[in-house]
Amino acid sequence: DAMVIQNPRYQVTQFGKPVTLSCSQTLNHNVMYWYQQKSSQAPKLLFHYYDKDFNNEADTPDNFQSRRPNTSFCFLDIRSPGLGDAAMYLCATSRRTSGNNEQFFGPGTRLTVL
Amino acid sequence: SQQGEEDPQALSIQEGENATMNCSYKTSINNLQWYRQNSGRGLVHLILIRSNEREKHSGRLRVTLDTSKKSSSLLITASRAADTASYFCATDSFQGAQKLVFGQGTRLTINP
């Protein structure tokens, strides 16, 4: 089945130790998103790629970076994780069409910062 | 900026009852979508309603949209224990950005 896959599902890192989260998709969608979601809150968009074009949200900290080497894969790099970065990180995809941008989400990666 | 606000923040009902959740937003939209999120999981798309539509049905789900009041409601009829989840509305003000802005969500608990 076509899907969005995130690895790992659970990630534990130490304060200040770089970490990379991975997302892959078999939907061949041209838009990929990274969201941060803290407990009982709405998902917060960090950035998205439209094809190879990177779009950063104005309030996304510089500590967060992303790479999209090809259509199928997208990575979230957290250069120096702080305790406040502990959250669920959700990857999503969509196909850019007029009037319908339903997003397909992966299961998420739960990040713990010690 | 936060676009959607949902109420109630939490709703607990008995199995078989209907559940209604509301969403309000601030700016003009292209469409409004509802998503479900089971605890510790990703979001699942439920239904999309376009700005020129007023009501839409999908199985036990009924969504309404009132663009004059900038509000939407999601009705789940004949609720089941498996409907227990958080429900988020998300608005698309499509101006080429393909971004959604999510509301804070309603935590729905269905008691057996």
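The values are calculated or read from the model by the stated rules, or taken from the named source; none is laboratory data. Because the structure is a prediction, the values reported are computed rather than measured. We place every Cβ from the backbone using ideal geometry, glycine too, and count neighbours over all the protein chains shown. Ligands, DNA and RNA are stripped out before the accessible areas are found, and what is left, the full protein with its side chains, is counted by its heavy atoms. Shrake-Rupley method; radii C 1.70, N 1.55, O 1.52, S 1.80 Å.
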Other-chain or far-sequence residues with amide H under 5 Å of B:Gly105's (modelled H): B:Glu6, B:Cys89
Quick one: among A:Asp51, A:Asp62, A:Asp77, which has the greatest mean-square fluctuation in a GNM of chain A with alpha-carbon springs under 10 angstrom? A:Asp62
Expressed as a percent, the accessible surface of chain B that is carbon or sulfur, using a 1.4 Å probe and the full set of protein chains, is 44
Between the residues B:Ser51, B:Leu65, B:Ala82, the Cα farthest towards the positive end of the dipole of chain B, that dipole coming from +1 and -1 charges on the beta-carbon of Lys, Arg, Asp and Glu, is from B:Ser51
For A:Lys17, counting only aspartates and glutamates whose alpha-carbon sits under 19 Å away and dropping same-chain residues fewer than eight positions off, the answer is A:Asp62, A:Asp77, A:Asp85
Calculate the length of the line joining the C-alpha centroid of the range A:59-102 to that of the range B:29-96, in whole Å. 23
Using a cut-off of 12 Å between beta-carbons, work out the net charge of the residues near A:Arg67 (Lys and Arg +1, Asp and Glu -1, A:Arg67 not included). +1
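May I ask you to give the percent of accessible area on chain A that is carbon plus sulfur, with a probe radius of 1.4 Å?
Carbon and sulfur: 48 percent of the exposed surface of chain A.
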Report, as an integer, the average count of C-beta atoms from other chains found within 10 Å of each Cβ along A:84-95. 2
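Counting only other chains, what is the mean number of Cβ atoms within 10 angstrom of the Cβ of each residue in peptide B:100-106? Provide the component values of the computation, followed by the final result.
On the way: counts 9, 4, 7, 1, 3, 5, 0.
Taking all residues of B:100-106 together, the mean is 4.
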Explain nothing, just compute: Karplus ³J(HN,Hα) = 6.51 cos²θ - 1.76 cosθ + 1.60, θ = phi - 60°, for every residue of the range A:49-54 in order, whole Hz, x for Gly and Pro. 10, 10, 6, 9, 7, 8
Suppose a student asked you for the relative contact order of the range A:5-114, using Cα pairs under 8 Å spaced at least 6 residues apart; what percent would you report? 38
Distance between modelled label sites at B:Ser73 and A:Ala86, nm, 7 Å Cα→Cβ extension: 4.0
If you place +1 on the Cβ of every Lys and Arg and -1 on the Cβ of every Asp and Glu, how big does the dipole about the Cα centre of the protein assembly as shown come out, in debye to the nearest 20? 240
Can you tell me which lysines have their Cα less than 27 Å from the Cα of B:Lys69? Leave out same-chain residues fewer than eight positions away. A:Lys44, B:Lys26, B:Lys56, B:Lys99
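Using the scaling law 2.2 N^0.38 Å as the reference, what is the normalised Cα Rg of chain A? Don't skip to the answer; put the middle values down first.
On the way: Rg = 13.5 Å, N = 114, 2.2 N^0.38 = 13.3 Å.
That ratio works out to 1.01.
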Roughly how much accessible area, to the nearest 100 Å², goes out of reach of solvent when A and B pair up, both sides summed, probe 1.4 Å? 1900
If amide hydrogens are placed 1.01 Å from N in the peptide plane, which non-local residues have theirs closer than 5 Å to the one on A:Leu46? A:Trp34, A:Tyr35, A:Gln36
What number, in percent, do you get for the relative contact order of chain B if the mean sequence gap of Cα pairs under 8 Å and at least 6 apart is divided by its residue count? 38
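Could you state the accessible area per residue of the protein assembly as shown in Å², with a 1.4 Å probe and every protein chain left in place?
Numbers: 10850 Å² over 226 residues.
It amounts to 48 Å² per residue over the protein assembly as shown.
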When all alpha-carbon pairs of the protein assembly as shown are counted, what percent fall beyond 25 Å? 40
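Which value, in debye to the nearest 20, describes the size of the charge dipole of the range B:39-88 about its Cα centre when Lys and Arg Cβ atoms bear +1, Asp and Glu Cβ atoms bear -1, and nothing else is charged? Mind dumping the intermediate values first?
Working: 9 positive and 4 negative charges, 5 e Å.
Once rounded to the nearest 20, the dipole reads 20 debye.
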